[in-house]
Amino acid sequence: MDLSGILDYLVGFAIMAMIYAIFALGLNVHWGFTGLFNIGIAGFFALGAYTAALLTSPPPDPEQFEDFIFGGNLAQHGLLNFGIDLWFVVGIAAAAAVCGIVALIIGTITLRLNDDYLSIATLGIAESVRFFFLNEKWAANGSKGLYRIPKFMGDLVAPENYDYLYLVVVLIVLALLFAAVQRAVRSPWGRVLRAIREDETATAAAGKNIFHFKLQAFVFGSMVMGIGGALFAHHVRFLSPLTFDPLLATFVIWAMLMVGGSGNNVGAVLGAFVVWGVWAGTQFLPGVFADPSFRLCMIGVLIVAIMLLRPGGLVGEWRRMVVRTTAPPATRDPTGFD
């Protein structure tokens, strides 16, 4: 048995599971904490991935591009002398910014819709994004896709060690995003989101602007998804519109959140590893069992089993109960019949 091959596979599995965990965190902000029924995840996935890829991939003639913009080599202007790949960081930030701006525009238009209509609108917008990149060849090479997307610190790391470095990068980004989302949803802002999810009318009666809070949550979750798309682009290093099919770019992420437990960030991450384990593990089954249709069927069976056995997911939402009495304990009847 080739232990190095097994280790390489596990590293690749962990990278993809953590990238999908980032998408699940973003969806958790939308659905788990705010109750926004967004099934247009693939749109933000694609926008984040293409933005990072287009900003970091070299143009057809890199030397002319550098001379035109900087009048010389990039390294001479200090852009590559900080010990990090600055273009990678810029691509990640730009992916988040683009997804945030698009989410702001989309949310302003759609967030006043009811749940069913919101889901239809977000799905339509996601498909519009995918077909834009498919049909507009000038934007991202059309159906041929983008390839040779640069690696993070690619010139400084041996190819056989790249996945190990990228595993650390993705882990750090996931940890930072997890901490940011966790801090946000535990703040007063997050408590308002949960109140909106439970009862919009009562929350509005308490003086909260429902639309503004929904819009903020929609933008925040979409930016998280955009970062996930950027990390995906630099890992796979090839993008095609077919990559963002709703089955793999929306359904699987919803399955991860449902299996792990919505309203709980730990559950979102755990669900990503479990569902991706099912998807990646079934490819080793013989014959028809390795077919993608069967693998999707297995995920469906997993969802049904979770709904029957643990409706709240593997790690359900943690709810704190506050019990108040009408009178101090010292004044209550000790018999219990007061």
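The values are calculated or read from the model by the stated rules, or taken from the named source; none is laboratory data. Here the structure is a predicted model, which is why all the values come from computation and not from measurement. We place every Cβ from the backbone using ideal geometry, glycine too, and count neighbours over all the protein chains shown. Please note that ligands, DNA and RNA were not included when accessible areas were found on the heavy atoms of the full protein model with its side chains. Shrake-Rupley method; radii C 1.70, N 1.55, O 1.52, S 1.80 Å.
Descriptive notes on the structure:
- Subset tally (residues that are basic (K, R) and under 17 Å from G26 (Cβ atoms)) for the range 147-185: 1
- Residue in the range 154-162 that is on the phi < 0 side of the Ramachandran plot, among the aromatic types (F, W, Y), open to solvent by less than 50 Å² (accessible area, probe 1.4 Å) and out of contact with any Gly (no Cβ under 9 Å at 6 or more places or on another chain) present: no
- Wholly enclosed helices (runs of 4 or more DSSP H) of the range 90-186 bearing at least 3 residues modelled with pLDDT of 90 or more: 115-135, 162-185
- Residues (assigned to a loop (DSSP other than H, G, I, E, B) and either open to solvent by 10 Å² or more (accessible area, probe 1.4 Å) or in contact with a strand residue (DSSP E or B) (Cβ under 7 Å, 6 or more places away or on another chain) (or both)) located in the range 245-262: D245, S262
- Checked against (1) without any contact (Cβ under 8 Å) to a residue 24 or more places away in the chain; (2) open to solvent by less than 40 Å² (accessible area, probe 1.4 Å); (3) hydroxyl-bearing (S, T, Y), S293 meets all criteria but (2).
- Taking every residue in the range 156-181 that is among the β-branched types (V, I, T) and pairing it with any residue that is surrounded by 11 or more Cβ atoms within 10 Å (Cβ to Cβ) and not in a helix (DSSP H, G or I), at least 6 positions away or on another chain, the pairs with Cβ-Cβ distances below 9 Å are V157/K151; V169/F152; V169/M153.
Residue-wise test of (1) in contact with a Leu (Cβ under 6 Å, 6 or more places away or on another chain); (2) open to solvent by 10 Å² or more (accessible area, probe 1.4 Å); (3) at pLDDT 95 or above.
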residue	(1), (2), (3)
M1	no, yes, no
S4	no, yes, no
L27	yes, no, yes
H30	yes, no, yes
N38	no, no, no
A46	no, no, yes
A53	yes, no, no
S57	no, yes, no
E63	no, yes, no
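- Identity of the residue in the range 207-244, assigned to a helix (DSSP H, G or I) and hydroxyl-bearing (S, T, Y), that ends up least open to solvent (accessible area, probe 1.4 Å): S222
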